[in-house]
Amino acid sequence: MRYQPAPAALMDRPENIQRLQPGAPARVLDLNGDLRTVADTYRSVESQRLVILGRAGSGKSILAIEFVLELLATPSSSLRVPVILSIGSWDPVTVTPRDLLVDHLLRDHPHLARTTPEGATLAAELVDSDLILPVLDGFDELAECAAPRWKHSTPRPTRWS
């Protein structure tokens, strides 16, 4: 499986992708690759944001799995632990991204329900401390009926980048 950059109209501006100061020149990013290089591509993007687009059945979920496995297998200076979240049934109007991630961690890792002296769960502490890298899978499975509501809703801000 190979990937390439999306058309410019679908991409963020280079100064945002590269987190440049005003007036700083953007460098050319090589966003071409294959299944084995997706983590390297992600690491080359200063904003640490990567969106994989493709038709149903094109291998996006497989790429997400390979991405997580590669991040876990390759030592990095990042302390963030990648976690795949299937978001096909998520209602972004009623559940914040933070709460979605905390609930996922609590469901899949019940031991993270223990609480800190401050009363927060360990799952919430991990998310709030930015120690979890959410890898979202299933945007194309979100209910079509929820899409129009996104345009008119204002979800609470989150630290996800």
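Dipole magnitude of the chain about its Cα centre, charges +1 at Lys/Arg Cβ and -1 at Asp/Glu Cβ only, in debye to the nearest 20?
On the way: 17 positive and 20 negative charges, 63 e Å.
Rounded to the nearest 20 debye, it is 300 debye.
Here segment 34-98 is described by how far its Cα atoms reach on the three principal axes: 36, 29, 20 Å, from widest to narrowest. If a/c stays under 1.5 just call it rounded; otherwise compare a/b with b/c (prolate if a/b is bigger, oblate if not). Do that for segment 18-140, with a ≥ b ≥ c from the square roots of the Cα gyration tensor eigenvalues. Cα axes put segment 18-140 in the prolate bin.
Of all accessible surface on the chain at a 1.4 Å probe, what whole percent is carbon and sulfur?
Roughly 57 percent, rounded to a whole number.
Looking at the chain alone, DSSP beta bridges between its own residues are antiparallel in about 35 percent of cases. Each of S58, A120, A26 was scored by the projection of its Cα onto the charge dipole of the chain, and the greatest displacement toward the positive side belongs to A26; charges sit on the C-beta of Lys, Arg, Asp and Glu. Note on surface exposure: I84, I17 rank I84, I17 by accessible area, highest first, 1.4 Å probe. Look at where the Cα atoms of segment 55-97 and of segment 1-52 average out, and the two centres are 17 Å apart. Once both axes come from the Cα atoms, what is the angle between helix 60-73 and the longest principal axis of the chain, in degrees from 0 to 90, rounded to 10? The answer is roughly 80 degrees. Pairs of Cα atoms nearer than 8 Å and 6+ residues apart set the relative contact order; for segment 1-132 it is 17 percent. Packing, as the average of other Cβ atoms within 10 Å across residues, places the peptides 73-80, 31-38, 60-67 in the order 60-67, 31-38, 73-80, highest first.
The values are calculated or read from the model by the stated rules, or taken from the named source; none is laboratory data. All values derive from a computational prediction rather than experimental measurement. Because the Cβ atoms are built from the backbone with ideal geometry, glycine has one as well, and the counts that use them run over all protein chains shown. To get the accessible areas, we keep the full protein, side chains included, count just its heavy atoms, and leave off ligands, DNA and RNA. Shrake-Rupley method; radii C 1.70, N 1.55, O 1.52, S 1.80 Å.
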